[in-house]
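Take a look at the structure below.
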Amino acid sequence: MIRINDNYLKLKASYLFSDIAKRVSAFQQANPDRDIIRLGIGDVTRALPQACVEAFHKAVDEMASESTFRGYGPEQGYDFLREAIAANDFKARGADIHADEIFISDGAKCDTGNIQEIFAKDINIAIPDPVYPVYLDTNVMAGRTGAFKDGKYEGITYLNCTWDNGFNPELPQTPVDLIYLCFPNNPTGATITKAALKTWVDYAKDNKAIILYDAAYEAFITDDSLPRSIYEVEGARDVAIEFRSFSKTAGFTGTRCAFTVVPKSLMAYDADGGSHALHALWNRRHTTKFNGVSYPVQRATEAVYSEEGKIQVKQLVSDYLKNAALIRKEMSDLGYDLVGGDNSPYIWINGKTDSWEFFDTLLNKAGVVVTPGAGFGKCGEGYIRISSFNSYENVEKAMARIKAAL
Ligand SMILES: *Cc1c(COP(=O)(O)O)cnc(C)c1O
């Protein structure tokens with residue numbers, strides 16, 4: 001009899017975005033003439049930077065001629081892209097990362113989800129709450145948790161992110177082996193200082209642990225004192241894997257390109273205490289299960305680092321941050337406590353009521369869709385996330401409506 005992986009049965013069905021869609025469509029049906037503004041889902045709205053579009057077209061033309069056609073490329077990505085990343089994202093900021101430590105992929109979602117495969121099943125894992133659900137769900141699927149009870153999975157060390165700790169979790173009380181961190185954070189929009197990140201790097205070193213650092217939103221950092229990469233922190237090369245994505249940076253959510261950095265000096269241990277380079281393990285996984293990002297997409301991504309590309313990406317990000325600043329100002333003026341939106345596209349707002357109740361109020365009274373914080377974990381209860389991924393006109397309109405409604 002064929003059996004399923006019954007760890008899947010432990011997954012708390014992710015009702016979040018389907019619940020939101022249901023409520024929005026019910027509202028639209030009841031109010032067919034009301035126009036709805038969506039500041040909920042974490043997807044970008046603006047077109048690709050022109051430099052990327054031009055490089056994309058050019059590479060497609062190369063594929064159309066036999067003399068320039070390309071078949072399978074290197075699974076880890078083309079050197080032209082890996083070298084551009086190493087030079088611009090790391091060397092230029094004083095982080096010692098080499099092109100051959102960068103693995104190009106089709107998304108940080110896949111990478112943050114797949115990485116757990118190279119670790120033992122019985123390790124102790126620390127995961128923030130609230131959280132981007134991928135880290136948690138992929139460990140549930142792999143059998144590293146018990147049942148879901150009272151809003152938490154048994155067997156996971158939750159790192160609670162609250163107003164009182166500034167949404168920067170404290171170090172775990174009991175030793176852990178694998179730590180997921182995400183800054184600037186989704187959903188809270190919170191950032192971490194270099195000094196605070198150093199305490200995590202030191203913790204990992206002392207406990208022979210590994211940090212999985214999701215920096216998908218680093219492009220939104222405007223405060224130059226904040227680290228964009230964990231490798232700007234001394235010692236991080238020996239304890240951290242970093243995930244990056246062009247999805248939010250350059251509007252690539254539908255184009256798909258990301259990368260993972262696994263430094264060659266990063267070690268983990270076998271059951272007998274022997275040490276092994278994680279770079280070799282991840283390389284084995286990546287080359288066995290992945291066949292590379294398409295050539296035109298890698299050329300389009302390379303253009304992010306061209307002179308024009310840099311200017312256009314900066315403009316894209318600053319347009320979203322202008323929206324975020326408006327959301328911050330209007331919600332603060334209405335008397336709400338909030339974080340994020342200054343170095344992040346997300347604003348995390350204490351709604352002073354149940355998350356879903358506040359969601360319903362904003363939908364029904366203002367026709368504005370946000371995301372209820374409770375959908376990201378137990379500590380998200382009472383909060384909502386407003387996303388700045390929309391046009392300035394729509395954000396202005398949404399804020400005016402919220403002001404009138406509340
Ligand atoms: C959007 C996002 C990503 C990027 O995912 P892609 O698969 O590269 O589109 C990664 N991590 C977080 C926390 C995100 O919000």
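Before moving on, here are some points about what is shown:
- The charge dipole of segment 53-306, taken about its Cα centre with unit charges on the Cβ of Lys, Arg, Asp and Glu (plus for the first two, minus for the last two), comes to roughly 260 debye.
- Cut-off 12 Å between beta-carbons: net charge of the residues surrounding D137, Lys and Arg +1, Asp and Glu -1: +4
- Choice from W282, W200, W163 showing the highest fluctuation, given a GNM over the chain with Cα pairs closer than 10 Å: W163
- Listed peptides 339-350, 297-308, 69-80 appear in the order 339-350, 297-308, 69-80 once ranked by packing, highest mean of other Cβ atoms within 10 Å at the front.
- The chain, accessible surface, carbon-and-sulfur percent (1.4 angstrom probe): 51 percent
- When each of the peptides 271-278, 215-222 is scored by how many other beta carbons lie within 10 Å of its residues on average, the order from highest to lowest is 215-222, 271-278.
- Subset of K10/K248; K264/K378; K22/K397; K10/K352; K91/K314; K205/K289 violating a 27 Å alpha-carbon distance limit: K10/K248; K264/K378; K10/K352; K205/K289
- Across segment 224-236, coupling constants 3J(HN,Hα) worked out from phi with the 6.51/-1.76/1.60 Karplus curve, θ = phi - 60°, read 5, 7, 7, x, 8, 9, 5, 6, 6, 8, 4, x, 5 Hz, and Gly and Pro carry x.
- Electrostatic bookkeeping for G189 treats Lys and Arg as +1 and Asp and Glu as -1; over the other residues with beta carbon under 11 Å from its beta carbon, the sum is +1.
- Selected from S229, G113, A405, residue furthest toward positive end of dipole (the chain; charges at beta carbon): A405
- Euclidean distance between Cα centres, segment 254-317 to segment 152-200, Å: 24 Å
- Extension gain, S265 to E357: 0.36 nm times the residue separation minus the Cα-Cα distance gives 28.2 nm.
- Most mobile listed residue (A147, A366, A190) in the chain, GNM with C-alpha springs under 10 Å: A147
- Inter-label distance, L16 to E117: 2.4 nm, where each label sits 7 Å from its Cα along the C-beta direction.
- Estimated dipole of segment 85-159 in Debye, rounded to 20 [Cβ of Lys and Arg +1, of Asp and Glu -1, Cα centre]: 180 debye
- The charge dipole of segment 1-66, taken about its Cα centre with unit charges on the Cβ atoms of Lys, Arg (+1), Asp and Glu (-1) only, comes to about 620 debye.
- Calculated FRET efficiency for the pair K91/S65, C-beta based, R₀ 56 Å, to 0.05: 0.95
- Candidates D354, D177, D61, ranked by Gaussian network fluctuation over the chain, Cα under 10 Å, top entry: D61
- Total formal charge among the other residues, if their Cβ is under 14 angstrom from that of K58, Lys/Arg +1 and Asp/Glu -1: -3
- Label zone at K378 (point 7 Å along Cα-to-Cβ), backbone N below 19 Å, segment 1-28: 10-16
- Shape category assigned to the chain from the gyration tensor of Cα positions, a/c cut at 1.5: oblate
- Average accessible surface for the chain: 44 Å² per residue, computed with a 1.4 Å probe over protein heavy atoms with every protein chain in place.
- Residues of segment 350-382 with amide N under 20 Å of the 7 Å Cα→Cβ point at T253: 359, 363, 367-377
The values are calculated or read from the model by the stated rules, or taken from the named source; none is laboratory data. Just so we're clear, the structure is a prediction, and the values are computed from it rather than from any experiment. Glycine gets a Cβ as well: all are built from the backbone with ideal geometry, and neighbour counts include every protein chain shown. With ligands, DNA and RNA removed, areas are computed over all heavy atoms of the protein, side chains included. Shrake-Rupley method; radii C 1.70, N 1.55, O 1.52, S 1.80 Å.
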